[in-house]
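Data block below; observations after.
The values are calculated or read from the model by the stated rules, or taken from the named source; none is laboratory data. Small disclaimer: the values here were computed from a predicted structure and weren't measured. Cβ coordinates were reconstructed from backbone atoms using ideal geometry, including for glycine residues, and neighbour counts include every protein chain displayed.
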Amino acid sequence: MAALKITKMALNSVLALMSERWDVFVPSPSPAPGGPSGFRLFEPRPMPAPGKPGPSERDSSVNRQTCDEDTLWNGTGQGGQKGRDRENHLPEERLPQFLRRVLTVKPLKELFFPRSEPILGYCVDGAFGGNGDGTGVSVFMPEGVLPGKPRVVFGARPCDAASLTVLDRVFADEAYPDDFYISRRKNTIIVGLGCNVPAPTCFCPATGGDPFGTAGLDVLAYDLPALDGDGSSQGHYLMKAVTREGEALLGFLSEAHLGEGPSESDERACMALEERARKAIAAGLPADTQSLGRVLGGIFNHPYWATLHEKCLGCAACTYLCPTCHCFDISEEPDPGASRSGGESPKGGPERPRLTGVRVRNWDSCMFPIFTLHTSGHNPRPTGLERVRQRVMHKFYYFPENFGAVACVGCGRCVKYCPVNLDIREVISHIAALGGTGVAESISA
């Protein structure tokens, strides 16, 4: 297995070199004040002109000893908006601090399954159909929908990468392939970063994951802290290839002399990080989710759902921030500036109507009341009870039945950002307890 160790101080140079061949995306704060963090395109910083102060000198007003990581990330440090400006233009030595944050607010799936994307353009020219004189309906691929350049994502967490293996079952299914999703997946190399210190809201082992899992990754990186006498003030990243694409990427960096092979002590340090992280996360784990479907199959009408849904606001934050949720809606968006008249017809008749526009796919959520609303007015999930039940059933019962895997990676975003503290871990444990008391069997009997 190919492996490469680079110093954290060289990370900016590594990303800059990669950006010559790939579009490189890294975890980054939102460009909008107060906005959620996500993955943004890395743009190499130009070198300062001779005699001009460099970035580190200009940003010397940031107290590098006392300004904590979250303050830097959230832009609440010194100088108000100026502090946020510095956040988006940090000196090189600050980049590893961004990567040290456990998880971005927005999931990795947005790079493969965008919140909103045009899936076709259309032009209706004539009386909504061909009439033998060259008029009719034409469709075409909108420009700029798919990436024209291969991509590298650097710093994705193992849970986010694992979520792509869940989405693959939906969008890369042989029977119903989604060309947009598949094109982005095939065009992207993912370099993951193991979680040295999992967040209190993380529970990936309960869903079959691991703080240093490799599912969905091409390269797994270890954040090795600085050691006395190693000559680095910040430590190293030790990157291990998982796939052939990952090996090619590390080979590219090695040829540029941007790293070196790991030592035996480096390997021992990696093993120690893994062991420490697994022990830390084990303390707060809910019940294992792999066998939860057996219980859920028997409690569809259990009174627990009535109690659970009373706390839910139906805001859909859990589904929008979930890396595996994939519900979407499709709408037609006519071009408001397009001419409704296409001029004279080829046969010299009256003007024919013309309509141009795009068909757009947008994220949707099963937590919204109108998600299942029929044109007739009937709604099979009319209240919050049915919608909350559906979310849990889909993740831990229906999806495993259909695809062989739970639709949850234990990232904890829904736990952290739910405005009413509805904790899915507590839901999982409660449902597992119902199975342990025989309630599920008695109800289904």
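Listed by first and then second residue, the pairs linking a residue in region 262-284 that is on the phi > 0 side of the Ramachandran plot to a residue that is of a type in the set (K, R), with Cβ atoms under 6 Å apart and 6 or more places separating them unless they lie on different chains, form an empty list.
Quick grid of which residues meet (1) aliphatic (A, V, I, L, M); (2) surrounded by fewer than 22 Cβ atoms within 10 Å (Cβ to Cβ):
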position: V153; (1), (2): yes, no
position: A156; (1), (2): yes, no
position: C159; (1), (2): no, no
position: D168; (1), (2): no, yes
position: E174; (1), (2): no, yes
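Looking only at residues in region 132-181 that are aromatic (F, W, Y) and assigned to a helix (DSSP H, G or I), the one that is farthest from G412 (Cα to Cα) is F180. Between Y181, Y237, the distinction of being under 18 Å from P96 (Cβ atoms) and touching a residue at least 40 places away in the same chain (Cβ under 8 Å) belongs to Y237 only. Taken together, the residues in region 363-408 that are over 22 Å from the mean Cα position of the chain (by Cα), part of a loop (DSSP other than H, G, I, E, B) and closer than 26 Å to D173 by Cα amount to 2. Just so you know, in region 394-426 the residues that are more than 19 Å from S163 (Cβ to Cβ) and of a type in the set (A, V, I, L, M) include one that is surrounded by the fewest Cβ atoms within 10 Å (Cβ to Cβ), and it is V420. Looking at region 242-252, is at least one residue in a helix (DSSP H, G or I) and more than 25 Å from the chain's Cα centre (by Cα)? So far as region 242-252 goes, yes, one or more of its residues are in a helix (DSSP H, G or I) and more than 25 Å from the chain's Cα centre (by Cα). When only residues in region 358-392 that are touching a residue at least 12 places away in the same chain (Cβ under 8 Å), among the hydrophobic types (A, V, I, L, M, F, W, C) and closer than 29 Å to P118 by Cβ count, which is surrounded by the most Cβ atoms within 10 Å (Cβ to Cβ)? Among those that are touching a residue at least 12 places away in the same chain (Cβ under 8 Å), among the hydrophobic types (A, V, I, L, M, F, W, C) and closer than 29 Å to P118 by Cβ, it is M367. T319 falls short on exactly one of the conditions (1) assigned to a helix (DSSP H, G or I); (2) over 17 Å from V415 (Cβ atoms); (3) not assigned by TED's automatic domain parsing to the domain that holds S163, and that condition is (2).
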